[in-house]
1. Hey, fewest Cβ within 10 Å first, where do VAL110, VAL213, VAL77 land in order?
2. Could you list HIS323, HIS151 in order of exposure, starting from the residue whose Cβ has the fewest other Cβ atoms within 10 Å?
3. For the stretch 139-256, what does the alpha-carbon gyration tensor say about shape, rounded, prolate or oblate, given a ≥ b ≥ c as the root eigenvalues, a/c under 1.5 as rounded, and a/b over b/c as prolate?
4. Which FRET efficiency value, to the nearest 0.05, do you get for ASP338 and ILE219 by plugging their Cβ-Cβ distance into 1/(1 + (r/R0)^6) with R0 = 51 Å?
5. Please work out the FRET efficiency for the pair VAL164 and VAL110, using the Cβ-Cβ distance as r and a Förster radius of 51 Å; give the result to the nearest 0.05.
6. Once each part is reduced to its C-alpha centroid, what is the distance from the stretch 299-320 to the stretch 154-206 in angstrom?
Amino acid sequence: MEREEGKTGEIKDESRFVRHLSSAEYAAVISMIVASLYLILSSFFPILYNLTSSFDPVDFIKNIFYFIIGLGTLSGVSFLLRKETYLQHIADETFEKVIYHRLEPVLMDVAEVQVGLTGVQTQLDRLNMNVELLSKKEMTAPAVAQQNTYHIKYIVLINLTLAVFLFMLQFPLSYVPYAVTVVYIMWWGAITAEYKLWKEEAAWAWVFVPVLVLPVFTIAMNAYLQSYMLFASLFIGLGLYAFSYYSWCNYIIRGVMPFDIQEAVRSAQEKIESVKERPEMMLKKPDFAINFKLPSNIQMGWNMILLAIALFFITWSGYAIQHGIIPNISWDMVGLKDFSWSASYTYSLNLIGLLLILSGLKFIKKTHT
């Protein structure tokens, strides 16, 4: 009987700490996060300028105040989520001890059979997809070369995307809605080609999103936003779209979620099992701890490449602001009064970016070999 209760407990514990927020709560949390990040970013650079160049006490105290408010708001969001999760945990425990205990004899056999079938089906689906992927690839050195080829393609695609956006920013004509849609489709095609998901129906659903949304969004927002603001929103949207689609493909093929979320889930399940063995500890407030671990070689390589891309973007932004390429944007507007972007900054950041890309590719190649 104890063994059966243990198995049933595993079924109940799978969703014990899940917090289902309403739409209004999601909107409030996202708004607080956006507001805190805006306060932190808008005050960080003026603080840095006051400390390194011209020190203005009033401006420095004002930006320090904004920075502290931003940090406080972000901490408040974290505290709110932790508190709501703890309250949900108590509610689940009350449900388990009062209601579920009476239903347990009826649902025990059904739950065990259902969990077993679901786990087997999930493993079979993932195994079939991995076998299909492995059957299409050669397990030799050319496979490693092909992987490196995709990295080079992404770098070329990033430069091509920046060039297209610069051209559209200089000559914003009627072709812009369709050119932006083509850029999104290019990124979708490159990621789909890497994971060989051409026959996956869900992958094709991803390409219909920019095709249906981007032309209407671009034409509608062109009447309300200035050119640089419109292109900035499209560029940020492209980054979010590419990252989301790449993470989804990686999860479908390899079962790996971004930022090693599966490790956090596995750790939470282990803690639930350990707490289950000691029922007297179940109503205590759960401990929240952050575990730091060194990234793997492939993660470090990708981090270097992303950092290099960020440096290239900073270089382009500094050059564009200094030479007036972006309309209505100056150093005064970003809080860097009397700052001047020199050629040495461009050469230095580009050199560092190239070194980071080469080092990142070396780490990724070392992982595959």
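1. Values: VAL110 10, VAL213 13, VAL77 18.
Fewest-to-most ranking of VAL110, VAL213, VAL77: VAL110, VAL213, VAL77.
2. Details: HIS323 9, HIS151 18.
Ranked by crowding around the Cβ, least crowded first: HIS323, HIS151.
3. Numbers: a/c = 2.79, a/b = 1.78, b/c = 1.56.
Prolate, because a/c is 1.5 or more and a/b exceeds b/c.
4. Details: r = 40 Å, r/R0 = 0.78.
E between ASP338 and ILE219, to the nearest 0.05, is 0.80.
5. Details: r = 56 Å, r/R0 = 1.10.
Computed FRET efficiency for VAL164 and VAL110: 0.35.
6. That distance is 19 Å.
We did not get these values from a lab; they are worked out from the coordinates using the rules stated. Note that the structure is predicted; figures quoted are calculated from it, not measured. So basically every Cβ, Gly included, is an ideal-geometry build from the backbone, and we count neighbours across all protein chains shown.
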